[in-house]
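Chemist: One structure, pasted below without further comment.
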Amino acid sequence: MRGFVKKNVVFFTAWAISLAIIGIGVFDPDLLDSVSALLHAYIIDNFGWGYLLGSLFFLVFSVVIASSRFGRLKLGHDHEKPQYSYFGWFSMLFAAGMGIGLIFWGVAEPLSHFAQPPGYIEAQSGDAAAFAMRHSFFHWGLHPWAVYIVMSLSVAYFSFRRGMPPLISSCFYPLLGERIYGPLGHLIDILSVLATVFGIVTSLGLGALQITSGLASVTPLPDAFSTTLGVIGIVTVLFMISSMTGLDKGIQILSKTNILLALMLLAFMLIVGPTAYIFNVLTTTLGGYFSALLDMSLSSNPFQGYEWTKSWTLFYWAWWISWAPFVGLFVASISRGRTVREFILGAMLVPTLLTFVWFSVFGGAGLHLQIEGQIDIAGKVAENVSVALFQLFSFYPLSGVLTMIAVVLLMVFFITSADSATYVLAMMTSGGALRPSNWKKISWGVTVSATACILLFSGGLEALQRMSITAALPFTIIMLVLCYCLWLGMRYEWRQPHTKTMDLDEKD
Amino acid sequence: MLRNFLFPVYAKSPVNTILAQAEFIRSFEPEKVYLLYVASGNSSRQIKRIDRIEKGMRELGLPVERLVRYGHVPSQIVTTAEATQSIICFTKKWKNPIKKAVAGSVISDVVRMSDEPIMIYKRGLSAHAGGVLHSSMYATDFKHSDKTCIQYIRHKAFKAQRLILLHVGQRAPDPETEKKRLENVYANLARLASECQKGFEKIEKREVLGLGVERKILRQAKKEEIDLLVIGKIDARGIMSRFTGSTAEAIYNRAPCSVLVIPSKR
């Protein structure tokens, strides 16, 4: 019994802490709300600049590693081939990293920036539209992927090439040595589990709200808590089934289906929407994005517009960082056999390009309606962000079908996110086992879903989201050290070529 | 090897410490001791200083020859050392870091530029003159410098009761490779120990792990109360190293003991 507890110390500790914090959210949501608001405000106010610098550093670091001699190293044996095809890999990358968020914000974000830009830009002007598109690209472009890449590359390198368990604590071996197996290593893994649990609970809760809104607009179902509860219930059953079938079947098949659905929706909107306008938006914004990349990366606007930066850019950066342990571990687990260069360029450029096209199509169509069509879609979005996409569809043919496709897309993205999060949580709490036991997957799946339901009811969901973002501060530091450890590991290997890889098969 | 010694004398060179170092040098039975004065003008005080040093060295029975050069001090020291195939002998003197950063340091420049060995002497080493040093330490990276350094360490004048062979290493990226690395390190230390066996009563092998090689070496030197620290020097290659300087450059100034820097070509 003692051995069992010792072996599962990360699982039990993380589970107990999660339940304690969630318990506060259930029984005293006001307390969680005030504490999380205080912490969140303090961190964003005082360390927001650190997020900006950190994210830019991760981007530069990724580019430097990809273009350096280390780019030739393989994440696995030298002779190893990638486990998944490019299509399967990109689908899973995209589904885990962005998927649901893009559906949620694809229309809403450009329109929100257009209607409420920072103080130095006139609202609803041409400048505001250009700013809105540029910053939507910025928030969902290279930086978030660089954050994910740093985490996933480290985990993939130390686990697949150096034969260590796929845990975040493993990446600290060059610095901590055997201490990664002690309390310090456990602390890093527990923090990763907590950030993942809080992130996935809030994502599940907010996503369920959007699915409910979509369903309510095309079916007689009411936009009420009972519907949301039903949605979470169905999603939970589905993602648990998918999770049990493992990476190779469930998640991969769902992700591929989803990408195909998303591409179909994208193509449809591109054809029936203002095609030339969308391409103009894409090319103009691409130009604006790349020429203003450094400026945007470092601008916190302390003189005017700091509040806007706080609520958007800094929020996003903290969110991506807090989301990094989950996405990082998941992306690592599907990237075995790729070279470092292929991994970085693939994970950075392909999803970013798809994101840019997505924003140009949906955001561009929304702006076209607002500016050219004289329809106040931005006003409606401001009232309820989660209905932005459905509002847009209502102005196009086959809106009911489009909405249904979007709801299915949301649900499947939802399932893939929850599915991969459950897999990652079980993996992190099983000492990095690539095939974690089903009871751990079930434990985390039920915990996450039940918590989302309870917090939706009690109103503690946003507080939990803030708690998750709070975890981004220690994670920024952890990730900076991670970069150093990765560099140390790769440099060591380069200097001692005879120690390149060990017999990894025995360990798997 | 270890036949000729060059003592640069320039502004504020401490006469007594130079003479103490000369006393230590006596145990090497040198063929020639060069007293180099790089003049930047007529300075009667400097001339008097050199006279005193020369007189003191002659009293110690050293074969002194005085040289006068003009120009950039570090360059002249390096050029003369190369021409005379001498070990450059400096005396260690604390210098205000701000003053050092602004005005520069002759020793720093010479350590960076020279391809000849440099001995930076700290008072107290001469107490062992004629006898045996208490303890020496050789910090090795098992690279190019070992072959050259071992020749110096084995010289009878550097004989010590105890020699510590120190390797500061970086932990390998995973436990299995780390195990192999440690085996490799101890095999190399054992090889060096067997090569140095003759001159020392006791040879200890140390492996220290961590980043900040300079800091680790200095900490060991202080902890073990080392009299003489021997380090090899290879020209800095990377961009960062060119800014921060080699390990030898970082160590000589902060070492709690005398330092022998031995440059070696790649």
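Chemist: Of the options A:Ser468, A:Leu265, A:Gly489, report the single residue whose Cα projects farthest towards the positive end of the charge dipole of chain A (beta-carbon charges: Lys, Arg +1; Asp, Glu -1).
Modeler: A:Gly489
Chemist: What is the spin-label model distance, in nm, from B:Ala83 to A:His79 if the labels are put 7 Å beyond Cα along the C-beta direction?
Modeler: Output for this residue pair reads 6.2 nm.
Chemist: Still on this structure: Counting pairs of alpha carbon atoms under 8 Å apart in space and at least six apart in sequence, what relative contact order in percent does the range A:362-508 give?
Modeler: 9 percent
Chemist: If you don't mind, there's one more thing I want to ask. Calculate how steeply helix A:472-495 sits against the longest principal axis of the alpha-carbon atoms of chain A, using the helix alpha-carbon long axis, and give the answer as 0 to 90 degrees to the nearest 10.
Modeler: Roughly 50 degrees, rounded to the nearest 10.
Chemist: Cβ under 15 Å from A:Ile377's Cβ, A:Ile377 left aside: what net charge do those residues give with Lys, Arg +1 and Asp, Glu -1?
Modeler: -3
Chemist: Quote the relative contact order of the range B:29-72 in percent (integer), defining contacts as alpha-carbon pairs under 8 Å separated by 6+ residues.
Modeler: For the range B:29-72, the relative contact order is 63 percent.
Chemist: Once you place label points 7 Å from the Cα toward the Cβ at B:Asp115 and A:Leu31, how far apart are they in nm?
Modeler: 7.5 nm
Chemist: Estimate the FRET efficiency between B:Ser75 and A:Gln496 by the formula 1/(1 + (r/R0)^6), using the beta-carbon distance for r and 45 Å for R0, to the nearest 0.05.
Modeler: 0.75
Chemist: Under 23 Å from the Cα of B:Lys99, which lysines turn up, not counting those fewer than eight places away in the same chain?
Modeler: Cα-Cα hits under 23 Å: B:Lys12, B:Lys122.
Chemist: Still on this structure, please answer the following. Excluding residues on the same chain fewer than 8 positions from B:Lys55, give the aspartates and glutamates whose Cα lies under 15 Å from its Cα.
Modeler: Straight-line reach from B:Lys55, under 15 Å: B:Glu23, B:Glu65.
Chemist: Quickly work out the B:Ala190-to-A:Glu383 label distance, labels modelled 7 Å from Cα along the C-beta direction, and quote it in nm with one decimal.
Modeler: 8.2 nm
Chemist: Moving on to the next point. Take peptides B:80-91, A:14-25, A:116-127 and line them up by average Cβ neighbours within 10 Å, highest first, as a rough protection proxy. Display every interim value, and only then the final one.
Modeler: On the way: B:80-91: 20.2, A:14-25: 18.7, A:116-127: 14.9.
Packing order, densest peptide first, comes out as B:80-91, A:14-25, A:116-127.
Chemist: As an exercise, find the ratio Rg/Rh for chain A from alpha-carbon atoms, using the Kirkwood inverse-distance average for Rh.
Modeler: Reported Rg/Rh, Kirkwood definition of Rh: 0.95.
Chemist: Work out the length of the dipole vector of the protein assembly as shown about its Cα centre, built from +1 on the beta-carbon of each Lys and Arg and -1 on the beta-carbon of each Asp and Glu, and round it to the nearest 20 debye.
Modeler: That gives a dipole near 4380 debye.
Chemist: Along the range A:49-58, what does the Karplus equation 6.51 cos²θ - 1.76 cosθ + 1.60 (θ = phi - 60°) give for ³J(HN,Hα), rounded to whole Hz, x for Gly and Pro?
Modeler: Ordered by residue, 3J(HN,Hα) equals 4, x, 5, 4, 5, x, 5, 5, 4, 4 Hz.
Chemist: Also: Work out from phi, with θ = phi - 60° and the Karplus expression 6.51 cos²θ - 1.76 cosθ + 1.60, the ³J(HN,Hα) of each residue of the range A:104-118, listed in order in whole Hz, and give x for Gly and Pro.
Modeler: 5, 9, x, 9, 5, 5, x, 5, 5, 5, 5, 7, 9, x, x
Chemist: Something else now. Give the angle, between 0 and 90 degrees and rounded to the nearest 10, that separates the Cα long axis of helix A:275-291 from the longest principal axis of the Cα atoms of chain A.
Modeler: So the inclination is approximately 50 degrees.
Chemist: Hey, another quick one. Give the long-range amide H neighbours of B:Ile87: residues separated by 5 or more places, or on another chain, with amide H under 5 Å away, using H modelled in the peptide plane at 1.01 Å from N.
Modeler: B:Asn4, B:Phe5, B:Leu6
Chemist: Give me the angle, in degrees from 0 to 90, between the Cα long axis of helix B:213-223 and the longest principal axis of the Cα atoms of chain B, rounded to the nearest 10.
Modeler: Its long axis makes an angle of about 80 degrees.
Chemist: Enter the mean number of other protein chain beta carbons within 10 Å of the beta carbon of each residue in B:173-185, as an integer.
Modeler: What the average comes to for B:173-185 is 6.
Chemist: While we're looking at this one, here's another question. Go ahead and estimate [θ] at 222 nm for chain A from helices alone: -39,500 (n - 2.57) per DSSP H run with n ≥ 4, summed, over the residue count, rounded to 500.
Modeler: Mean residue ellipticity, 222 nm, calculated: -24500 deg cm²/dmol.
Chemist: Ok, one more. Which of B:Lys147/B:Lys179; A:Lys256/A:Lys310; B:Lys32/B:Lys205; B:Lys92/B:Lys179; B:Lys159/B:Lys216 have a Cα-Cα distance over 32 Å?
Modeler: Checking Cα-Cα distances, A:Lys256/A:Lys310; B:Lys32/B:Lys205; B:Lys92/B:Lys179 exceed 32 Å.
Read-outs throughout are calculated quantities, based only on the coordinates presented, and are distinct from any laboratory measurement. On a predicted model such as this, the values are computed, not experimentally measured, just so you know. Note that we place each Cβ from the backbone using ideal geometry, even for glycine, and neighbour counts take in every protein chain shown.
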